[in-house]
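The values are calculated or read from the model by the stated rules, or taken from the named source; none is laboratory data. Note that this is a predicted model, so its numbers are computed, not measured. Neighbour counts run over all protein chains shown; Cβ positions are idealised from the backbone, glycine included.
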Amino acid sequence: MSSANARNVGIVIVSHSPKIAEGAADMVRQMVGSAVPLAWTGGDVDGGLGTNVAGILEAIETAWSPAGVAVLVDLGGAETNSEMAVEMLAEDRRARVVVCNAPVVEGAVIAATESSGGSSLAAVKRSAEEFYA
Amino acid sequence: MHDAHASRAGETSVPLTASAVLVNKVGLHARPSVKLTQCAKKFVAKIELALAEDGPWTDAKSPVKVMRVKAPQGATLHFRVAGADGEAALAAMLALVHDGFGEV
């Protein structure tokens, strides 16, 4: 992830399943390239299916970009835990992290594609959310 | 075009068009769509594509819209570009399609 461009919006993938999260990240890397800061997290603290706030915070930290971070989530807890993680960020960072209303795999690829072209956080979110438009 | 760009737009206000046949096996599926939009985003020109000469036109900078075109192998992709770097943009789009997005 060291080759990622600090100008580009970071992408965080949050799934109940670490395999899905990692697999989605693999798709992003292979299809979009390495210009985009990217991190994934999945599973609860005991290694089972689920999500955890600490893991999400760490992923946001890893994918952090001054341009902001777009978070892609799968179901229920992934979304609420992501929102909780955003709430826990320092105030100056909070406004630069958005949870997208988009399918996790497709949304991650599209968000990263948009980000790789240097688009703003708002444009990255809008593009990912086009799937439900 | 806005008035501020009128002097530049004077030369490029007429859109450039060209077409190319999709040669890669799977057509304009996910990966080629990503490559195409990434390439399109490098230019300031407005870039659109269509499966027919008279449209409907799709924004080539939108990965979701480009994937929805579902252009199969053998389809002719029509491009319409307008803007200061339109010529270079059109050449880049055509090169990408001719090369089968690097996956033929």
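Observations on the model:
- Selection status of A:ALA111, within 14 Å of chain B (Cβ to nearest Cβ), surrounded by 21 or more Cβ atoms within 10 Å (Cβ to Cβ) and out of contact with any Phe, Trp or Tyr (no Cβ under 8 Å at 6 or more places or on another chain): yes
- When the residues of the stretch B:1-40 are filtered to those that are surrounded by fewer than 16 Cβ atoms within 10 Å (Cβ to Cβ) and assigned to a loop (DSSP other than H, G, I, E, B), the one that is modelled with the lowest pLDDT is B:MET1.
- Residue check for A:ALA39: assigned to a loop (DSSP other than H, G, I, E, B), within 17 Å of A:LEU121 (Cβ to Cβ) and not aromatic (Phe, Trp, Tyr): no
- Qualifying positions in the stretch A:13-70 - modelled with pLDDT of 95 or more and among the hydroxyl-bearing types (Ser, Thr, Tyr): A:SER15, A:SER17, A:THR41, A:THR51, A:THR62, A:SER65
- When the residues of the stretch B:18-43 are filtered to those that are within 12 Å of chain A (Cβ to nearest Cβ) and of a type in the set (A, V, I, L, M, F, W, C), the one that is farthest from B:ALA89 (Cα to Cα) is B:ALA30.
- Of the residues screened, A:THR80 is one that is of a type in the set (S, T, N, Q), outside any loop (DSSP other than H, G, I, E, B) and within 21 Å of A:ARG126 (Cα to Cα).
- The lone criterion from (1) out of contact with any strand residue (DSSP E or B) (no Cβ under 8 Å at 6 or more places or on another chain); (2) modelled with pLDDT of 95 or more; (3) not in a helix (DSSP H, G or I) left unmet by A:VAL98 is number (1).
- Checked against (1) in contact (Cβ under 8 Å) with a residue 40 or more places away in the chain; (2) part of a helix (DSSP H, G or I), B:PHE43 meets all criteria but (2).
- Checked against the criterion of being part of a helix (DSSP H, G or I), more than 20 Å from A:SER116 (Cα to Cα) and out of contact with any helix residue (DSSP H, G or I) (no Cβ under 8 Å at 6 or more places or on another chain), the stretch A:16-32 has at least one qualifying residue.
- Qualifying positions in the stretch A:91-131 - of a type in the set (Asp, Glu) and touching a helix residue (DSSP H, G or I) at 6+ places or on another chain (Cβ under 8 Å): A:GLU106, A:GLU114, A:GLU129, A:GLU130
- Any hit, the stretch A:75-85, residues being surrounded by 15 or more Cβ atoms within 10 Å (Cβ to Cβ) and within 14 Å of chain B (Cβ to nearest Cβ): no
- Of the residues contained in the stretch B:69-81, one or more are found to be among the hydrophobic types (A, V, I, L, M, F, W, C), under 24 Å from A:GLY33 (Cα atoms), within 14 Å of chain A (Cβ to nearest Cβ) and outside any loop (DSSP other than H, G, I, E, B).
- Flag if A:GLU130 is in a helix (DSSP H, G or I), within 14 Å of chain B (Cβ to nearest Cβ), surrounded by fewer than 23 Cβ atoms within 10 Å (Cβ to Cβ) and of a type outside the set (Phe, Trp, Tyr): yes
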